[in-house]
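Colleague: This is the structure I have questions about; it appears just below.
The values are calculated or read from the model by the stated rules, or taken from the named source; none is laboratory data. The shown structure was predicted, so the numbers you read here are calculated from the model rather than taken from an experiment. Note that we place each Cβ from the backbone using ideal geometry, even for glycine, and neighbour counts take in every protein chain shown. Ligands, DNA and RNA are excluded from the accessible area calculation, which covers all protein heavy atoms including side chains. Shrake-Rupley method; radii C 1.70, N 1.55, O 1.52, S 1.80 Å.
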Amino acid sequence: MHWIATRNAVVSLPRWRSFAFLFRSPFRTHSSLKPSPLLLLNTRYSERRYCLGDGKSVKGITTASSKKVKTKSTDVLTDKDLSHLLWWKERLQTCKKPSTLQLIERLMYTNLLGLDPSLRNGSLKDGNLNWEMLQFKSRFPREVLLCRVGDFYEAIGIDACILVEYAGLNPFGGLRSDSVPKAGCPVVNLRQTLDDLTRNGFSVCIVEEIQGPTPARSRKGRFISGHAHPGSPYVYGLVGVDHDLDFPEPMPVVGISRSARGYCMISIFETMKAYSLDDGLTEEALVTKLRTRRCHHLFLHASLRHNASGTCRWGEFGEGGLLWGECSGRNFEWFEGDTLSELLTKVKDVYGLDDEVSFRNVNVPLENRPRPLHLGTATQIGALPTEGIPCLLKVLLPSTCSGLPSLYVRDLLLNPPAYDIALKIQETCKLMSTITCSVPEFTCVSSAKLVKLLEQREANYIEFCRIKNVLDEVLHMHRHPELVEILKLLMEPTWVATGLKIDFETFVNECHWASDSIGEMISLDDDESHQNVSKCANVPNEFFYDMESSWRGRVKGIHIEEEITQVAKSAEALSLAVTEDFHPIISRIKAMAASLGGSKGEIVYAKEHESVWFKGKRFTPSVWGGTAGEEQIKQLKPAFDSKGKKVGEEWFTTQKVETALVRLYHEASENANARVLELLRELSAKLQTKINVLVFASMLLVIAKALFSHACEGRRRKWVFPTLVGFSTDEAANPLDGGATRMKLTGLSPYWFDVASGTAVHNTVDMQSLFLLTGPNGGGKSSLLRSICAAALLGICGFMVPAESAYIPHFDSIMLHMKSYDSPVDGKSSFQVEMSEIRSIVSQATSRSLVLIDEICRGTETAKGTCIAGSVIENLDASGCLGIVSTHLHGIFDLPLTAKNVAYKAMGADNVEGQTKPTWKLTDGVCRESLAFETAKREGVPETIIQRAEALYISVYAKDASFGVVRPNKTETSSDNEIRKPVRSERSLEKDLAKAILKICGIKMVEPVGLECLSIGARELPPPSTVGSSCVYVMKRPDKRLYIGQTDDLEGRIRAHRAKEGLQGSSFLYLVVQGKSMACQLETLLINQLHEQGYSLANLADGKHRNFGTSSSLTASDVVSIS
């Protein structure tokens, strides 16, 4: 839990990210260095407090005598009041605790508090506490009101029900049915209570009492000291404590509308007094933005009710369903009218802002910026944490880099930058990876945290030190010749992140001024001896430490010399009084009392009462006072606490000590503390005039740390900087001459593998058109698509990529579609969800897009799914985009497609000891094998099921399995339905095999000149000429069955076969061929051909693996029957 804030309560990040990252728009403006009223905020707003009571005005507080809160009749409710009560009733309907439900029964919705005046303590008479709380409630009717009453914060009526339900508090007075609902928490538990309320989405208005003595027969004055919202903490009193704050992620008010351009999302940040507007969003991009951050309030414009189908039933038909599914699980409100102006009005109502408060647009005008990532793309590459998907963020940055830098990188991936900004980021990373000097620590401070603390004048000593560190690190970079170029390059990315355009020299000068201002005020030196805590004889040192540590060492002594002198004098006076009044008594007791069981006396610091008193055990002043020479004992009197109650029988003081303690020392220490707080608040006001510079500097260091950490991690992983090119505007440019319509990734490895460890498989992808990718299950298709998507995204963001070299165009969008799941909430099957995503992809794909689709149309009937897939491929090919479509729908190759630029690619595999295993290498051609049976077996499917599946496959798809070869008439059928005929002699087998090879090679493969089929006897080995050559071989087993395989190490393969039980006497026939791809094809063809001729094969199932390598070059007409 934060010390004085709630865990979800602040406008910053933990996680914080700048308010501008996620929200981009083609319509953008920027502000200059001139302090904007939007970001500098309204001084009257920041200092005004609404107060009720008879107390006089105190600093920063407007009392009832100077500005009264507008009151209204408690008997009449306006339409606006009724809408607020309806809003609360909806929240109360979700309550489930029995104690809460009993309290709700006692509510009466005739006033904003929900009090029933007929119940006990329910009176709303003018001037009483209930009436006072009602006036505060009328200012912020949709916030839970907590009112300070002594040592408690109390809530009544509706607010009490919320506290019991969501903060785990018990109602005051139990569950008495004759009194109004009331609940509260002790002062020390305020932070936890605020944390519980804001975590559940509630805003809280906190009312404090004016401290100090109250005249007789008058009530304490109270004022609104602040608010706690989800994403914005309660910071009142922070200036006087030495606690740092961890601001959570900002939670803006979000409004969504729709127009002809697409969806529009407006995010308004109350703390920053800023808003961002994103227009022309797709439904998927909009949902991604909603899922990447929580919002305080969600408002939906009436334009969303009308979808593309012309119906008013939003989300039921076609587009809009994904967004409706996202919004239906949240609390939202509808609104009408002009989107921006109406939404700003609602924000002012929610936060109780004056009408003159203005908001700044933080969008930056950038052309040709890539579109934000779709939700599917972001999750499938781990840009958003997803179970089972390797997290991209974890490999971009070292584990020691988290928080604000990590979130900046995440937001950059979700919203890729424009081409110019990406080049600046890449150039910055390159310089960072080559510098030889030391670098600053890059202190990271939340911009929203700076704005709120300076606005509320609550920045404390620790925060000023952090601000100075930020400024000094910027100045250090400016002074160093190697770092100054990096500083200049960071200016534009920081402009995009903050929306603030600042001249470089002006920025540096303003940082100098702000750093000097803090250095002149804040005590940064440890050698200021006059700042040490007072030390005096006979007074416990702990007392002085507790009394003075809250203000000493905060500001330079030169600013509080008078106060320090007065505290020192009062401390000496207190020490003198204690010495004169208490010390003689202690000496007398020690001299007269018995060693055991007698009276004892000592000077003790009563920490709870902030006092130094005499504590006497078994000591009675009236008895000792009669002894000679003990006049001081007669002056003792019982000690009383601040409320006038006697502390105990053992505690005593004297009038002189009490005067020195209260009227001299405490007063002097309080004056010194008040002066220090005043100086700190003055410094906050002074720095607030430069708030734009401070926000810019803090964001610059966040970006610097993110990029420096990425450069370090990229070098460790042996990643490279890609060549990033923009798309050519010259339509006559040749795309093959290094144009931007080509992407080449050499030595690409999956981003989740550490290349430095040597475990990654490298691929080279030279993409100039659309690829149609085939391959077996587990062959690496999905991994390849993820790797390409991640590399392209990293490249257009300016980051390093996991490859040996890379040439990446600056795509206008990167879209990855992988597996789809059904959505029962929306009533959609997995195929419906897939088609929704495909619709979005094909509607946005341009010649500058990268489209990656994995196993298209897997969720429907094969024939029609194949046709849909073919049509999608034609559409993507016509758009001219780069990309890959992977599929197991091999019927697509039989369709009369009109695609002209599609290239066929396959994931390769090797036959190892009779088993086909993927190589995860990208090759040319088509692969019609899925390795489905092998995959099922590997995953533990029972052998009986797999054997039956193989039999069914052969019975139905035998013709396809044999490449269309005409079967001879079956002359004999064995019990296992396998076709058999007497095994021929070795010489006959050699002739038939040579004939088949010569026919096949003569038609398609290579010239048959020089081909020779050689034999290896049972006790023989192949000649050295076979070393390093690709060979196809036939093994004649002792059981008279044949085994056909291919290898690049024939001797090793023969030894491996003969090492197995029962195969020691095997003989071989082999053929040396050109290349492994050809060997793979010949292996498969020979298995099918010899089986058709009636030979008994030991590895018949391998015949189904007929299309690895470049088998697309073979057709059924090319295969001959062996007679």
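Colleague: In the range 340-488, what percent of the accessible surface is made up of carbon and sulfur (1.4 Å probe, ligands and nucleic acids excluded)?
Modeller: Values: 2570 of 5280 Å².
Carbon with sulfur: 49 percent of the solvent-accessible area.
Colleague: Which of rounded, prolate, oblate describes the range 379-511, given a ≥ b ≥ c as roots of the alpha-carbon gyration tensor eigenvalues and a/c under 1.5 marking rounded, otherwise prolate only if a/b is larger than b/c?
Modeller: It comes out oblate by the Cα gyration axes.
Colleague: Can I ask one more? When a/c reaches 1.5 or more, the comparison of a/b and b/c decides; with that in mind, is the range 79-228 rounded, prolate or oblate per its Cα gyration tensor? Don't skip to the answer; put the middle values down first.
Modeller: Numbers: a/c = 1.42, a/b = 1.25, b/c = 1.13.
In terms of gyration-tensor shape, rounded.
Colleague: Provide the per-residue ³J(HN,Hα) series for the range 792-801, in order, calculated from phi with Karplus coefficients 6.51, -1.76, 1.60 and θ = phi - 60°, each as a whole number of Hz, with x at glycine and proline positions.
Modeller: For the range 792-801, the Karplus-derived couplings read 5, 5, 4, x, 6, 8, x, 8, 6, 10 Hz, x marking Gly and Pro.
Colleague: Want the number for VAL188 to ALA1098: 0.36 nm per residue separation, take away the alpha-carbon distance, what's left? Display every interim value, and only then the final one.
Modeller: Working: separation 910, 0.36 × 910 = 327.60 nm, distance 8.02 nm.
Extending this stretch completely gives an extra 319.6 nm.
Colleague: Per residue, how much accessible area does the range 79-228 have with a 1.4 Å probe, in Å²? Each step should come with its number before you reach the end.
Modeller: Working: 6220 Å² over 150 residues.
Each residue of the range 79-228 exposes 41 Å² on average to a 1.4 Å probe.
Colleague: Using a probe radius of 1.4 Å on heavy atoms only, what accessible surface per residue do you get for the range 755-795? Whole Å² is fine.
Modeller: Details: 950 Å² over 41 residues.
Accessible surface, normalised per residue, equals 23 Å².
Colleague: Here's another thing I want to ask about it. With every protein chain left in place, what is the accessible area of TRP334 in Å² (1.4 Å probe, nearest 10)?
Modeller: Counting only protein heavy atoms, the figure is 80 Å².
Colleague: In nm, what is the difference between 0.36 nm times the number of residues separating LYS607 and THR565 and their Cα-Cα distance?
Modeller: On the way: separation 42, 0.36 × 42 = 15.12 nm, distance 2.44 nm.
Extending this stretch completely gives an extra 12.7 nm.
Colleague: Residues of the range 886-900 with the amide nitrogen closer than 16 Å to a label point 7 Å from the Cα of VAL956, along Cα-to-Cβ, please.
Modeller: Residues passing the 16 Å test: 889-891.
Colleague: Run down the aspartates and glutamates and flag those whose C-alpha is under 17 Å from the C-alpha of LYS864, throwing out any fewer than 8 positions away in its chain.
Modeller: GLU834, GLU855, GLU874, ASP894
Colleague: Turning to a different aspect of this structure: What FRET efficiency, computed as 1/(1 + (r/R0)^6) with R0 = 45 Å and r the Cβ-Cβ distance, is obtained for HIS583 and ALA685, rounded to the nearest 0.05? Working shown, then result.
Modeller: Values: r = 48 Å, r/R0 = 1.06.
Using R0 = 45 Å, I get an efficiency of 0.40.
Colleague: Report the label-to-label distance for THR386 and GLN768 in nanometres (one decimal), using points 7 Å from each Cα along the Cα→Cβ vector.
Modeller: Placing both labels 7 Å beyond Cα along the Cβ direction yields 3.2 nm.
Colleague: Would you mind counting up the charge near SER805? Only other residues with Cβ under 14 Å from its Cβ, with Lys and Arg at +1 and Asp and Glu at -1.
Modeller: Working: positive: LYS718, ARG742, LYS744; negative: ASP766, GLU804.
Value of the local net charge: +1.
Colleague: Going by amide H atoms built from the backbone, whose H comes under 5 Å of the H on LEU145, apart from near neighbours?
Modeller: Here CYS205 satisfy the definition.
Colleague: Assign one of three labels to the range 253-480, namely rounded, prolate or oblate, based on the Cα gyration tensor with a ≥ b ≥ c the square roots of its eigenvalues; rounded applies when a/c is under 1.5, prolate when it is not and a/b is larger than b/c, and oblate otherwise.
Modeller: Working: a/c = 2.23, a/b = 1.41, b/c = 1.58.
Oblate is the answer for the range 253-480, as a/c is 1.5 or above yet b/c matches or exceeds a/b.
Colleague: Using label points projected 7 Å from each Cα along Cα→Cβ, tell me how many nm separate ASP151 and LYS394, to one decimal.
Modeller: 4.8
Colleague: Quick one: pull the percent of accessible area on the range 253-299 belonging to carbon and sulfur, 1.4 Å probe, ligands and nucleic acids left out.
Modeller: Its accessible area is 48 percent carbon and sulfur atoms.
Colleague: Consider a paramagnetic label point 7 Å from the Cα of HIS512 along Cα→Cβ; state which residues of the range 697-728 have an amide N under 20 Å from it.
Modeller: 697-698
Colleague: Can you sort ASP894, ASP116, ASP159 by solvent-accessible area, 1.4 Å probe, largest first? Before the final figure, lay out the partial values.
Modeller: On the way: ASP894 120, ASP116 25, ASP159 5 Å².
Ranked from most to least accessible, the order is ASP894, ASP116, ASP159.
Colleague: Grab the Cα-Cα distance for ASP354 and ALA949, subtract it from 0.36 nm times how many residues apart they are, and report the gain in nm with one decimal. Mind showing how you got there, number by number?
Modeller: On the way: separation 595, 0.36 × 595 = 214.20 nm, distance 7.40 nm.
The ASP354-ALA949 span can extend by a further 206.8 nm.
Colleague: Follow-up question, since we're still on this one. Before I look further, what does the range 253-480 give for accessible area per residue, probe 1.4 Å, in whole square angstrom?
Modeller: Working: 7980 Å² over 228 residues.
With the other protein chains kept in place, the range 253-480 gives 35 Å² per residue.
Colleague: Now, a different point. Near the amide H of ASP246, under 5 Å away, which other amide H atoms are found, from residues 5 or more places off or on another chain, if H is placed in the peptide plane?
Modeller: The list, which skips near neighbours in sequence, is TRP3.
Colleague: Return the subset of LYS690/LYS718; LYS1040/LYS1076; LYS97/LYS645 for which the Cα-Cα distance in this structure is over 32 Å, preserving the input order. All intermediate terms of the calculation are to be shown ahead of the outcome.
Modeller: Numbers: LYS690/LYS718 42 Å; LYS1040/LYS1076 28 Å; LYS97/LYS645 40 Å.
Beyond 32 Å: LYS690/LYS718; LYS97/LYS645.
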